[in-house]
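Participant: My questions all concern the structure below.
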Amino acid sequence: MHATCLVLLAILAQTSPLTADPQAKAQAQALLGQGTKLYQQGDVAEALEKFNAAYAAYASPKLMFNIGQCNRDLSRPVEALEAFERFLAGAAEASPDMIADARTSVAQLQKKLGRIQIDCETAGAEVSVDGRGVGLAPLPDPIWATPGRHQVTAKHASTAPALEDVDVTAGSVSTVTMRMPSLAAPVAAPAPKAAPGFDLQAAPPSSGASEGWWLGRKWTWVAAGSTVLLAAGAVTAGVLMQSKFDSLRSSCGAGNLSRPGCSQSDIDSVSSRQTMANVFWGLTAAAAVTTGVLFYFEGRPVSAAPMAGGATGFVATMKY
């Protein structure tokens, strides 16, 4: 019966009242004949391509009957239902058999499908179901879908995209709400004021007499104090070592601590004090370098720049 209806449609399309370029109508009629032959041969996928091309050349609503038949045979119930509904809405002059067949197909397909009510708060957003566009928000009617889980997306230039999963059951309506937060406006650089709770903007150094170069450098002075203490320890260790060395030299003989009268413990005492002095001098040098680095960086103004995404965080940068 389906193949017969396709042949009848090929004949009826010739009398369609649409006003169009005769050449486009002839092209559509040729494509329709090719598609009908392919359908009768069992090549439904190729037939569908021909019918879609015929509709693109000459948009007769009667072609939707053929497109619906092919989609149903290819297990694409949503596309088939949409095609049959468009056929019934625009081809009132079609034969009673074709109209009855289309209505029967619609009723059978609707029983196997569910619907998704998509509530989107952003007018004009592009809404898709499983990557297939279904229109712009707000959508007036629920969208037909096969039973199972589906992914609904909404995109708009002024908002962040939204993505929601929804489970569909045959014969029921599932509702999904798409919330699309507005994108934060770009922040001018440098920002005059950091966002609340992230006050990282430091006041620039003042040139007045009340603020000297020594202010705002707490860790610099901690490092400088450590340098002084370590240097004092190194000097003390050196003095103790020299004192011990002089004492041993006077008792053991000049320039020779290995002569009888100098015990090994006395010699080790001089060596340990020398080692201690060297360690202190090494630490003093490291503390002095640290003091110089901190003096250069500490106390300089810091600016805060918001990261991408507005309130997601801030990046601090040094001003030189």
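The values are calculated or read from the model by the stated rules, or taken from the named source; none is laboratory data. Bear in mind that the values here come from a model prediction, so they are computed numbers and not experimental data. Note: ideal-geometry Cβ built from the backbone for every residue, glycine included; neighbour counts use all protein chains shown.
Participant: On the given criteria, is residue 61 within 39 Å of the chain's Cα centre (by Cα), surrounded by 18 or more Cβ atoms within 10 Å (Cβ to Cβ), on the phi < 0 side of the Ramachandran plot and not aromatic (Phe, Trp, Tyr)?
Facilitator: No: the conditions fail for residue 61.
Participant: Could you please find all residues in region 105-133 being outside any strand (DSSP E or B), under 18 Å from residue 75 (Cβ atoms) and not small (Gly, Ala, Ser)?
Facilitator: Those that are outside any strand (DSSP E or B), under 18 Å from residue 75 (Cβ atoms) and not small (Gly, Ala, Ser): 106, 108, 109, 110, 111, 112, 113, 130.
Participant: A further question follows. Could we say that residue 36 is at pLDDT below 90 and among the hydroxyl-bearing types (Ser, Thr, Tyr) here?
Facilitator: no
Table: residues versus (1) surrounded by 15 or more Cβ atoms within 10 Å (Cβ to Cβ); (2) under 26 Å from the mean Cα position of the chain (by Cα).
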residue	(1), (2)
81	yes, no
92	no, no
107	no, no
114	yes, no
125	yes, yes
128	yes, yes
133	no, yes
158	no, yes
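Let's see how each residue does on (1) closer than 30 Å to residue 175 by Cα; (2) among the acidic types (Asp, Glu); (3) assigned by TED's automatic domain parsing to the domain that holds residue 162:
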residue	(1), (2), (3)
27	no, no, no
32	no, no, no
49	no, yes, no
55	no, no, no
58	no, no, no
74	yes, no, no
78	yes, no, no
100	no, no, no
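Participant: Got a number for residues in region 134-168 being in a loop (DSSP other than H, G, I, E, B) and over 23 Å from residue 80 (Cα atoms)?
Facilitator: Result for region 134-168: 7.
Participant: Find the residue count for region 1-33, including only residues that are modelled with pLDDT of 50 or more and in a helix (DSSP H, G or I).
Facilitator: 16
Participant: A follow-up question, please. Quick one: count up the residues across region 63-81 that are in contact (Cβ under 8 Å) with a residue 24 or more places away in the chain and either of a type in the set (Val, Ile, Thr) or outside any loop (DSSP other than H, G, I, E, B) (or both).
Facilitator: Of the residues in region 63-81, 13 are in contact (Cβ under 8 Å) with a residue 24 or more places away in the chain and either of a type in the set (Val, Ile, Thr) or outside any loop (DSSP other than H, G, I, E, B) (or both).
Participant: Which count do you get for residues in region 49-74 that are farther than 18 Å from residue 92 by Cβ and among the polar types (S, T, N, Q)?
Facilitator: 3
Participant: While we're here: Any residue at all in region 173-190 that is in contact with a helix residue (DSSP H, G or I) (Cβ under 6 Å, 6 or more places away or on another chain) and modelled with pLDDT of 65 or more?
Facilitator: No; the residues of region 173-190 include none that is in contact with a helix residue (DSSP H, G or I) (Cβ under 6 Å, 6 or more places away or on another chain) and modelled with pLDDT of 65 or more.
Participant: Does residue 60 satisfy the criteria of being without any contact (Cβ under 8 Å) to a residue 12 or more places away in the chain and either within 27 Å of residue 23 (Cα to Cα) or outside any helix (DSSP H, G or I) (or both)?
Facilitator: When the stated conditions are applied, residue 60 does not pass them.
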